[in-house]
Amino acid sequence: MKILFVSPDPRPERWTQLLESALPEAQWIVWHPEMPCQQADYALVWQPPEILFKKEPQLKAIFNLGAGVDALLKLSKLPKELPIFRLEDAGMSAQMAEYLVHQVAEITRMMPAYRQQQQQKTWRMQAPCRRYEWPIGFLGMGQIGLKAAKALAMMEYPVASWSRTEKQIEGIESFHGQEQLGAFLNRSRILINTLPLTPDTQGCLNQALFDQLPDKSVVINVGRGQHLAEMDLLKALDQGKLSHAVLDVFSEEPLPNSHPFWSHPKITLTPHISAPTLREETVRQISEKLKRLAAGNEVSGKVDRTRGY
Ligand code: GLV
């Protein structure tokens, strides 16, 4: 079994060492675009260049080294029938829960005010957080956001989710379909985007959506930068419709130095770190799946190309 490792990671040996010990029977090859065809069976990929699929048309399946497959599905040379497996949790949902609980608490527990007070040596209690004043809404409810939604619900925030199809999750109010989107937005003072990026969801965080949120809402984007209409966000923040935005993903990454998001007083910005891919967990999951696949067994996490995730 020949397997390609295709990633912009500058130190691919950190991966191949783990991969070789998890699956020593395979031949692992760190692929680069100048290579002749390797006749590989499988490839592990993160944001691969288009030419991979021209050079290795015989691939039997590919494994995405992340949860979101948008960078892959936009490639025109990606063979239509090639099975794609996305990463399923692999340690990401716990990181996402931690990130989101942290960002929510920053806002609802007035942490910026306390940081300022410390600077001034001021001992003063801000108004306590009344959880009913902070209904949280998850736009998209897949594996990546589930732990976060449950954690926030456990902390007694009113939590709801909106998804394409109905989801029943204990403790979380479920909305689904276009017809329930308005009601979901109307009740969500903290809106958290965890949607996959597809042609249907591109640009969905826009003025028309912000207008349906309660006044002074907070938007947290941990989906993809392309979900967000950037100018609409700036306008909604400047006009006070939104009180704050937390952004972890951007349509151009790294975010250019000149971008207004860097210095906006109502934006908290992190460099796409809410739930990074973890090497050990990823290698464990993908090597198990490769063994199952090679033995002719069913493997979970297959991307539905018609849905786009
Ligand atoms: C990260 O953004 C991922 O898709 O896993």
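The values are calculated or read from the model by the stated rules, or taken from the named source; none is laboratory data. Keep in mind that this is a model prediction, so the values were computed, not measured. For neighbour counting, all protein chains shown are included, and Cβ atoms are generated from backbone atoms with ideal geometry for every residue, glycine included. Ligands, DNA and RNA are excluded from the accessible area calculation, which covers all protein heavy atoms including side chains. Shrake-Rupley method; radii C 1.70, N 1.55, O 1.52, S 1.80 Å.
General remarks:
- Which listed residue, of LYS266, LYS241, LYS235, LYS291, is touching a strand residue (DSSP E or B) at 6+ places or on another chain (Cβ under 6 Å) and either more than 16 Å from the ligand (Cβ to nearest atom) or farther than 30 Å from ALA183 by Cβ (or both): LYS266
- Failed criterion for ASP41 (all others in (1) away from the ligand (no atom under 16 Å from the Cβ); (2) within 24 Å of GLY225 (Cα to Cα); (3) not aromatic (Phe, Trp, Tyr) hold): (2)
- VAL249, sole failed condition from (1) free of Cβ contacts under 8 Å to residues at least 40 places away in the same chain; (2) more than 24 Å from LEU44 (Cβ to Cβ); (3) within 13 Å of the ligand (Cβ to nearest atom): (2)
- The single condition from (1) surrounded by fewer than 13 Cβ atoms within 10 Å (Cβ to Cβ); (2) assigned to a loop (DSSP other than H, G, I, E, B); (3) within 21 Å of the chain's Cα centre (by Cα) that ASN257 fails is (3).
- Selected residue (criterion: least open to solvent (accessible area, probe 1.4 Å)) from residues of segment 287-309 that are aliphatic (A, V, I, L, M) and over 19 Å from the mean Cα position of the chain (by Cα): LEU290
- Counted as qualifying within segment 44-145 are the helices (runs of 4 or more DSSP H) with 2 or more residues that are open to solvent by 10 Å² or more (accessible area, probe 1.4 Å), within 16 Å of the ligand (Cβ to nearest atom) and of a type outside the set (Phe, Trp, Tyr), namely 70-73, 92-108.
- GLU230 vs. criteria in contact with a Gly (Cβ under 9 Å, 6 or more places away or on another chain) and either acidic (Asp, Glu) or modelled with pLDDT under 95 (or both): no
- Per the conditions (1) open to solvent by less than 50 Å² (accessible area, probe 1.4 Å); (2) touching a residue at least 60 places away in the same chain (Cβ under 8 Å), the sole criterion not satisfied by GLN226 is (1).
- Residues located in segment 178-211, provided they are small (Gly, Ala, Ser), open to solvent by 10 Å² or more (accessible area, probe 1.4 Å) and not in a helix (DSSP H, G or I): GLY203
- So VAL283, is it within 16 Å of the ligand (Cβ to nearest atom) and outside any loop (DSSP other than H, G, I, E, B): yes
- Count of residues meeting criterion [among the aliphatic types (A, V, I, L, M) and not in a helix (DSSP H, G or I)] in segment 1-21: 4
- Restricting attention to segment 127-181, the residues that are closer than 23 Å to LYS216 by Cβ and of a type in the set (Ser, Thr, Tyr) add up to 3.
- Count of segment 145-203 residues, restricted to those that are at positive phi and among the aliphatic types (A, V, I, L, M), is 0.
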